[in-house]
Amino acid sequence: MRISVIIPAAGASTRYNAGNPDALGVLGEHRSKLDEDLGGKALLQRTVELFNTRDDVYQIIVAGPHDEQALVAFKSQHADRLALLGAIIVRGGQGHRWESVKAALDAVNESCTHIAIHDAARPAATHGFIDRVFAAGANHPAVIPGIPVSDTLKRVHPDPIENAGAVDQVAAILGDQSKTVLHSVEGAIDRDRAMAIQTPQVFERGLLLRAYGQTDLSSTDDAGLIERLGERVVVVEGEPTNMKLTHANELALLRAIMGVQGPSKRPIHKRF
């Protein structure tokens, strides 16, 4: 296989910053979770490093922000380090993940036989896990990793319960002004055959291009577009520690999984 890895990185980290003042910069600006310090390296750099030394990876494409000003800032933050790792940056989508992937597809080298897509905020995958996914990709046109769902799953009404978002008075006394949002349960979801899907996902290049040639590209992941074609998608064993950083309170757990420290735990001359 000759693989092109696409890393969508155009998100605004909205959920990461929501309701958590610790996730904001010193001037109150929104921080990107991709800039977070993982042992002296930005999270995005750690993610790219999962692939840059692999013999089966021919190129790495990072799809950055769509907005020109944001893209300039993104390149200022990451371009030098990513270039040293052999990665290129392209302009990503304006509002949806699939837009970023589609933009990156235009930069895929024609000699690549397969395309792998990996979440930018998922830097804790192990090399053995990636070996397993790519090995399956050599034998099947569409492969995604997944882990069985162990928790009970409930389907809830999308609208919050009225007045449930009021500030908890006890928490307010303790200085916590966050609101508790409540939803009513509508029913249970059978978890017997449910799996939580991860990345990297790997596809034959021609199949993924055909999937992205469809008119309706709305989907939560790329495998969904393959399924819409009626093609089979194979699930390979995932990795429980292959977490995706979504909320700010998960950062400490991610660092623990990777065995790295934040900047406050390291000597000043070793911080970046």
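Points worth noting:
- Separation in nanometres of the label points that stand 7 Å from Cα toward Cβ, at GLU68 and GLU227: 4.0 nm
- Calculated FRET efficiency, SER111 to GLU49, Cβ-Cβ distance, R0 = 30 Å: about 0.80 to the nearest 0.05.
- Approximate spin-label separation ALA83-VAL156, in nm, with each point projected 7 Å along Cα-to-Cβ: 4.6 nm
Bear in mind that the values in this text are calculations on the coordinates, not laboratory data. All of these numbers come straight from a predicted model, not from anything done at the bench. Virtual Cβ from ideal backbone geometry, glycine too; neighbours counted across all protein chains shown.
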